[in-house]
1. Out of all the residues in the stretch 46-53, is one or more assigned to a strand (DSSP E or B), touching a Gly at 6+ places or on another chain (Cβ under 9 Å), closer than 25 Å to S119 by Cα and open to solvent by 50 Å² or more (accessible area, probe 1.4 Å)?
2. With the structure loaded, tell me whether A99 is more than 15 Å from the chain's Cα centre (by Cα) and either of a type in the set (K, R) or part of a strand (DSSP E or B) (or both) or whether it fails that test.
3. Taking R26 as meeting all but one of (1) at pLDDT below 95; (2) in contact with a Gly (Cβ under 9 Å, 6 or more places away or on another chain), write down the number of the exception.
4. If V2 passes every condition in (1) touching a residue at least 60 places away in the same chain (Cβ under 8 Å); (2) assigned to a loop (DSSP other than H, G, I, E, B); (3) open to solvent by 40 Å² or more (accessible area, probe 1.4 Å); (4) not polar (S, T, N, Q) but one, which one does it miss?
5. From the set of residues in the stretch 29-52 that are more than 16 Å from A91 (Cβ to Cβ) and among the polar types (S, T, N, Q), which is modelled with the highest pLDDT?
6. So, of the residues in the stretch 71-119 that are modelled with pLDDT under 95 and more than 15 Å from L4 (Cβ to Cβ), which turns out to be most open to solvent (accessible area, probe 1.4 Å)?
7. Only residues in the stretch 100-119 that are on the phi > 0 side of the Ramachandran plot count as the first member; pair them with residues that are at pLDDT 90 or above and not in a strand (DSSP E or B), Cβ under 6 angstrom, at least 6 apart or cross-chain, and list the lot.
Amino acid sequence: QVQLVESGGGLVQPGGSLRLSCAASRSIFSINAMGWYRQAPGKERELVAVITSGGSINYADSVKGRFTISRDNAKNTVYLQMNSLKPEDTAVYYCHAHAPNGFLFYDYWGQGTQVTVSS
């Protein structure tokens, strides 16, 4: 099992910044990929950013240049630094991990944290 604990969401004004944290219950060396998804009301959940165990990173076009995903292996934690926030960034943000369990791979999700961008 991989337990994911998120923190850092909240209310911020347009142009402001937030940093989301996702702490994993096992070493992230053993997790193939970790990422952040978000879901706004009435919309499907979408990938925001992902980082693999090998260090490759991908972002959604809508957040490129504004968001940065990073990891701290010593703390088993992945971060999402969100700058220049826009109202359309408002959503519930979920941490995600894709990890092996025996010969199989499973998807694990955090509880979600609300990010609201409003003046």
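1. No, every residue in the stretch 46-53 fails to be assigned to a strand (DSSP E or B), touching a Gly at 6+ places or on another chain (Cβ under 9 Å), closer than 25 Å to S119 by Cα and open to solvent by 50 Å² or more (accessible area, probe 1.4 Å).
2. Spelling it out, A99 is indeed more than 15 Å from the chain's Cα centre (by Cα) and either of a type in the set (K, R) or part of a strand (DSSP E or B) (or both).
3. (2)
4. (3)
5. Here is the first cut: in the stretch 29-52, the residues more than 16 Å from A91 (Cβ to Cβ) are 29-34, 50-52.
Applying the additional criterion that residues be among the polar types (S, T, N, Q) yields 30, 32, 52.
Values: S30: 74, N32: 82, T52: 90.
Ranking the candidates gives T52 first.
6. F103
7. Between residues of the stretch 100-119 that are on the phi > 0 side of the Ramachandran plot and residues that are at pLDDT 90 or above and not in a strand (DSSP E or B), there is no close pair.
The values are calculated or read from the model by the stated rules, or taken from the named source; none is laboratory data. This structure is a prediction, so every number in the text was calculated from the model and none was measured. No Cβ is skipped: glycine too gets one built from the backbone with ideal geometry, and neighbour counts run over all protein chains shown. In case anyone asks, the SASA skips ligands and DNA or RNA and just uses the protein heavy atoms, side chains included. Shrake-Rupley method; radii C 1.70, N 1.55, O 1.52, S 1.80 Å.
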